[in-house]
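Q: Structure in structure tokens, see below.
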Amino acid sequence: EHKDIATPARTKLLLDKHGFSFKKSLGQNFLIDTNVINNIITASGITDESGVIEIGPGMGSLTEQLAKRAKKVLAFEIDQRLIPILGDSLSSYNNVTVINEDILKADVKSAIETYLSDCKEIMVVANLPYYITTPILMGLLEEHLPISSYVVMMQKEVGERLSASPSTKSYGSLSIAVQYYTSVEKVMIVPKGVFMPPPNVDSLVVKLTALEKPAVTVNNEDLFFKLTRGAFVQRRKTILNNYMSLIQNSKEHKGEIIAWLEASEIEPIRRGESLTLKEFAELSNNFEDFPH
Ligand code: SAM
């Protein structure tokens with residue numbers, strides 16, 4: 001039995017053996033701490049019936065622990081230089097498939113059908129490339145894939161945004177979008193020092209559990225998301241002023257916009273950051289009755 005990959009010594013050995021150099025532009029900060037990995041695994045609740053999707057396996061530090069516990073692991077890695085290294089580091093596991101693709105372009109739905117169809121539930125477990133955390137998560141959530149949970153590490157600030165409540169500094173359209181699809185829990189803060197090379201920021205592991213149906217009922221999702229984004233364009237402005245900028249010919253319709261807000265029981269002088277998901281849903285569902 002070889003030693004875990006997620007240690008400074010084994011990581012260095014693999015780096016030297018394959019002459020690998022990190023690419024900052026790909027968010028390559030590899031985990032070198034087995035405790036952090038164990039905590040991620042525990043939070044995920046993987047069983048031997050689980051199919052796990054990993055985004056960015058790197059040299060396989062997390063992947064190998066996933067492979068030991070899950071039924072199958074499907075990993076997407078963009079950097080082709082890592083493919084032979086993963087072949088080496090994961091050679092003793094026959095339940096791992098590595099796909100050399102950009103996760104933002106991959107057809108995850110058909111990959112799930114091809115590789116994970118015999119798994120009882122599907123989860124995402126990953127130390128994400130931080131520069132694309134939001135597009136990765138929103139892309140997966142909006143595709144309505146059969147994914148039951150996500151245990152993902154990201155930049156601490158972004159993790160704070162996912163879990164933020166109304167009227168806090170971190171609350172915004174990303175909080176609303178993620179909380180529309182999932183319930184969000186913070187798992188642990190991870191210091192810079194457990195990565196090679198260390199990133200500039202601390203990290204947060206977050207668990208997202210898919211809701212059976214969205215957190216609020218909206219008639220038109222596109223409109224709901226447009227209104228939530230529009231409410232935060234200028235955080236310091238009132239909801240009325242933000243929507244005056246969002247809605248076409250708003251000057252002519254100011255009275256109707258105020259009436260729409262009031263019919264939804266939103267005082268026009270409130271700031272967007274104070275509105276709950278439910279209030280945005282109410283606004284969205286009442287919108288059709290008013291000009292836009
Ligand atoms: N899982 C490894 C670990 O924890 O040690 C590596 C994590 S590292 C933070 C992020 C990984 O994502 C890198 O291996 C990087 O090459 C990969 N990556 C970056 N952009 C990607 C993309 N668009 N699609 C798939 N993988 C990507």
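Read-outs throughout are calculated quantities, based only on the coordinates presented, and are distinct from any laboratory measurement. Quick caveat: nothing in here was measured; it's all calculated off a predicted structure. Glycine gets a Cβ as well: all are built from the backbone with ideal geometry, and neighbour counts include every protein chain shown.
Q: Out of the residues in the range 138-157 that are away from the ligand (no atom under 11 Å from the Cβ) and part of a strand (DSSP E or B), state the one that is nearest to residue 43 (Cα to Cα). Full working, then the answer.
A: Residues of the range 138-157 that are away from the ligand (no atom under 11 Å from the Cβ), as a first pass: 138, 140-151, 156-157.
Okay, now just the ones that are also part of a strand (DSSP E or B), so 149-151.
Working: 149: 10, 150: 10, 151: 7 Å.
So the residue we want is 151.
Q: Could you say which residue among 188, 244 is assigned to a helix (DSSP H, G or I), on the phi < 0 side of the Ramachandran plot and surrounded by fewer than 20 Cβ atoms within 10 Å (Cβ to Cβ)?
A: 244 is the lone residue from the list that is assigned to a helix (DSSP H, G or I), on the phi < 0 side of the Ramachandran plot and surrounded by fewer than 20 Cβ atoms within 10 Å (Cβ to Cβ).
Q: List pairs: first residue in the range 21-42 and within 15 Å of residue 68 (Cα to Cα), second residue part of a helix (DSSP H, G or I) anywhere in the structure, Cβ distance under 7 angstrom, at least six positions apart or on different chains.
A: Final answer for the pair search is 37/61; 37/62; 37/65; 40/62; 41/65; 41/69.
Q: Oh, and also: Quick check on my filter: what residues within the range 6-22 are more than 16 Å from residue 79 (Cβ to Cβ) and either within 23 Å of the chain's Cα centre (by Cα) or among the aliphatic types (A, V, I, L, M) (or both)?
A: Across the range 6-22, the qualifying residues are 6, 9, 13.
Q: Moving to a separate point now. With 70, 75 as the choices, which residue is surrounded by 22 or more Cβ atoms within 10 Å (Cβ to Cβ) and under 21 Å from residue 15 (Cβ atoms)?
A: The conditions single out 75.
Q: I'd like to know if the range 21-30 contains one or more residues that are buried (at least 21 other Cβ atoms within 10 Å of the Cβ) and of a type in the set (Phe, Trp, Tyr).
A: Looking for residues that are buried (at least 21 other Cβ atoms within 10 Å of the Cβ) and of a type in the set (Phe, Trp, Tyr), one finds at least one in the range 21-30, hence yes.
Q: Identify the residue in the range 191-232 that is aliphatic (A, V, I, L, M) and part of a loop (DSSP other than H, G, I, E, B) and, among all such residues, is nearest to residue 179 (Cα to Cα).
A: Here the residue is 215.
Q: Out of the range 121-137, which residues are in a helix (DSSP H, G or I), near the ligand (Cβ under 7 Å from one of its atoms) and of a type in the set (A, V, I, L, M, F, W, C)?
A: 132
Q: Looking only at the range 248-288, count every residue that is assigned to a helix (DSSP H, G or I), within 20 Å of residue 178 (Cβ to Cβ) and polar (S, T, N, Q) and tell me the total.
A: So the count comes out to 2.
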